[in-house]
Protein chains: 2
Amino acid sequence: MKLSEKEIEQIALGASLLGTGGGGDPHVGKLMALQAVKKHGPVDLIKVEDVPDDALVVPAAMMGAPTVLVEKIPNGNEFIKAFEELGSFLGKKVFATFPIEAGGVNSMIPIAVAANLGLPIVDCDGMGRAFPELQMVTFHLFGETASPMVLADEKGNSVILNAISNKWAENLARNLVVEMGGEAMISIYSLTGKQLKRAAIRNILSYSAEIGKLIMETQASKKDTTEQLINKIKGFKLFKGKITDILRKTTSGFNFGTAKIDGIEENKGDHFSIEFQNENLIAKKDDCVLASVPDLICILDLETATPITTEALKYGRRVTVIGIPCDEKWRTEKGIETVGPRYFGYDIDYVPVEKLIEGGVSK
Amino acid sequence: MKLSEKEIEQIALGASLLGTGGGGDPHVGKLMALQAVKKHGPVDLIKVEDVPDDALVVPAAMMGAPTVLVEKIPNGNEFIKAFEELGSFLGKKVFATFPIEAGGVNSMIPIAVAANLGLPIVDCDGMGRAFPELQMVTFHLFGETASPMVLADEKGNSVILNAISNKWAENLARNLVVEMGGEAMISIYSLTGKQLKRAAIRNILSYSAEIGKLIMETQASKKDTTEQLINKIKGFKLFKGKITDILRKTTSGFNFGTAKIDGIEENKGDHFSIEFQNENLIAKKDDCVLASVPDLICILDLETATPITTEALKYGRRVTVIGIPCDEKWRTEKGIETVGPRYFGYDIDYVPVEKLIEGGVSK
């Protein structure tokens, strides 16, 4: 399969749903990928199984507060630089690239890198969604190391990190990103084909394209096909509402915040809230949890089903909030320890969204 | 000349005077160098002129808040690691090492590295004293770059930085050092012999040894030979006094503070103060400047002439404060721009200490 303009439009849109509020603005991401494909031609999308066991694959991504990226557009060289510097440090030819997470920007950057360098892109990622921190990848669960990782900013600064753990990589890189102005491009978790096959979440790009296509059809038909979308992604409608308040804080290189949402239509009279750290973490009705990380909490525009990133949440916007079960790899002990609600400081046990929905809300 | 136990004792003591309050505690530094020399034998001290023009020389140093080093002792591997990683990144055999600055710790680390790796040490540095920031070296004045630089901590984390300017190297490295726990070992400003000859300040280790020897003789004779010491180092006695107050703040990876000192003996009735950022920056009598960066402001114990680092300043300690003219390289336009009082936020012009002394104090 080739990724050209049409597929890029679809992936950017679909991935921004799987980005659960994070992963960057799909418009910014799309422009970077479209420009690269226009200049260098379409990119080959290959299957995880097509990567030879001993081949080197290297993801490319943006790290930082998504709000910053909207104002501080990459110059386009820094992600190539981050990618190439890591390849050169490893001293091995890079076979292909792939996204570290699904998101409006982070699904697009590897496409731009692949187009620029004439590499194929592998149809997989390390999250099956977006998460805010570097150790929150399935590769971490399988003992793979983030290091050596490279950071590069748009000014021309670059750094090669060799951290003793993936959490140390996160801590050191996060500080650098803040100093670099709030965001930087990274190359991280270089893997062999064998390691990729063991730990990657499959088909995320083709899946994003399908979701994006469906949203576009919804928008073209001008009919409310949100139900159809929810069925397609095996999700659950959590509620419909109107945003009444947004609290935001961009600190330590993250966007933190809470969106307060008053129910409308069938949810009229109810009060909901969503807490986020780059990505949506917890959806609540009053004090009762409707869904939590690592399950996906996605906010869609009520009329157009367009996914809304946390930085685009605005007072008065009418939204449908849906929950989607996360990949099974996250529903392990180490998975929950790495990305469960307690990691983010919430004193609650993780309960799968499908159980919360079946059994009614739980405290 | 060989550096063995005796010379190390002398250099540690003398360099802590030239460290002007910074550069690290000479006791901690000495232990690292003594241990290395005991295990691997004495180190060859060579002249700048003995370094071939095309040879690679790489300094090794500690970066961070000196107060931290007193409690968080290096494990001894991290400075070897920082040094070797830079050599390996540059892909060239390292001919010799040398200190980046004069100071109780930073004159010692290159001796320990040299002993461990069987390299000679060059009798020079990049400051002729100690300064708090990475761009504050004579190499910077001659257009040399701090990058690539390596940082390594005692836990095993390491980083290779490629910054677009020496100030960016300082900013990025400082953030990393804070995250690493307040101090890290660095290798920085790798130079060719030709570059070293152009920009280095000569003979700092042999000069430190002479100063150290003189202080030891003072202490052994139990006579006040501070005058003799001041003559030797071509300095000026600024005042004698008793410390009455210390304000300290360890922030952004630096030790900031002010020492208030009441005059004693010939200075009885006068009030003095010294402001520092790792190193002593400004000495004042009331609002009048007696000496400022880049000239050296050294605080010595009144009885023993032992140099006192800023972290060892204590209420009640009786001290002699001396000023020493800095190296001529600092007294240029770029030198004053880089390390003059205005860089550190003081709204005063730099006036050489010998003029301030001659002409009386200036506002």
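Quick one: in region B:294-363, what % of C-alpha pairs are over 16 Å apart? Everything past 16 Å amounts to 58 percent. Kirkwood hydrodynamic radius computed over region A:1-102 comes to 14.9 Å, based on all pairs of distinct alpha carbons.
Can you pull out the GluC sites (Glu not before Pro) in region A:267-319 that DSSP calls coil and that have at most 15 other Cβ atoms within 10 Å? Before the final figure, lay out the partial values.
Working: sites: A:Glu275, A:Glu279, A:Glu303, A:Glu311; in loops: A:Glu303.
Within region A:267-319, the qualifying GluC sites (Glu not before Pro) (loop, at most 15 other Cβ atoms within 10 Å) are A:Glu303.
Can you give the Rg to Rh ratio of chain B, both from alpha-carbon atoms, with Rh computed by the Kirkwood formula? Before the final figure, lay out each step's value.
On the way: Rg = 19.1 Å, Rh = 20.1 Å.
My calculation of the ratio gives 0.95.
Here region A:303-363 and region B:237-286 have alpha carbon centers that stand 56 Å from each other. Mind jotting down the distance between the C-alpha centroids of region B:156-186 and region A:22-37, whole Å? Their Cα centres are 31 Å away from one another.
Among all the aspartates and glutamates, which ones have a C-alpha under 12 Å from B:Lys284's C-alpha, if same-chain residues fewer than 8 places away are not counted? Filter leaves B:Asp262, B:Asp270, B:Glu275.
Taking each residue of B:159-168 in turn, how many C-beta atoms of other protein chains fall within 10 Å of its C-beta, and what is the average? Before the final figure, lay out each step's value.
Working: counts 12, 9, 7, 9, 6, 5, 3, 0, 0, 6.
Across the residues of B:159-168, the mean count of other-chain Cβ atoms within 10 Å is 6.
Suppose only helical runs count, i.e. DSSP H with n ≥ 4. What mean residue ellipticity at 222 nm does that imply for the protein assembly as shown under -39500 (n - 2.57) per run, divided by all residues and rounded to the nearest 500 deg cm²/dmol?
Values: 24 runs with 240 residues, N = 726.
Mean residue ellipticity at 222 nm (helix-derived): -9500 deg cm²/dmol.
Surface calculation, 1.4 Å probe, protein heavy atoms: B:Phe344 sits at approximately 30 Å² accessible. Highest GNM mean-square fluctuation among B:Gly24, B:Gly235, B:Gly323, for chain B modelled with Cα contacts below 10 Å: B:Gly235.
Sorted from closest to farthest, the other copies place their B:Gln219 label points 7.6 nm away, with each point set 7 Å from Cα along Cα→Cβ. Projecting 7 Å from Cα along the Cα-to-Cβ direction, the label point of A:Thr304 sits 7.5 nm from its equivalents in the other copies, listed shortest first. Within the same chain, aspartates and glutamates fewer than 8 places from A:Lys223 are excluded, and of the rest, those with a Cα less than 19 Å from its Cα are A:Glu210, A:Glu265, A:Glu266, A:Asp301, A:Glu303. Of the residues A:Thr145, A:Thr225, A:Thr97, the one that moves most in a GNM of chain A with alpha-carbon contacts below 10 Å is A:Thr225. Histogrammed with a bin width of 10 Å, the alpha carbon distances of region A:2-204 distribute as 10, 41, 40, 8, 0 percent, first bin at zero.
Averaged over peptide A:141-152, the number of partner chain Cβ atoms lying within 10 Å of each residue's Cβ comes to 1.
Would region B:222-358 count as rounded, prolate or oblate if I go by the C-alpha gyration tensor, calling it rounded below 1.5 in a/c and otherwise prolate when a/b exceeds b/c, oblate otherwise? Here region B:222-358 falls in the oblate category. The value obtained for the protein assembly as shown, namely the Cα convex hull volume divided by the number of residues, is 172 Å³ per residue.
The values are calculated or read from the model by the stated rules, or taken from the named source; none is laboratory data. Here the structure is a predicted model, which is why all the values come from computation and not from measurement. In this analysis, Cβ positions are derived from the backbone assuming ideal geometry, glycine residues included, and neighbour counts consider all displayed protein chains. Ligands, DNA and RNA are excluded from the accessible area calculation, which covers all protein heavy atoms including side chains. Shrake-Rupley method; radii C 1.70, N 1.55, O 1.52, S 1.80 Å.
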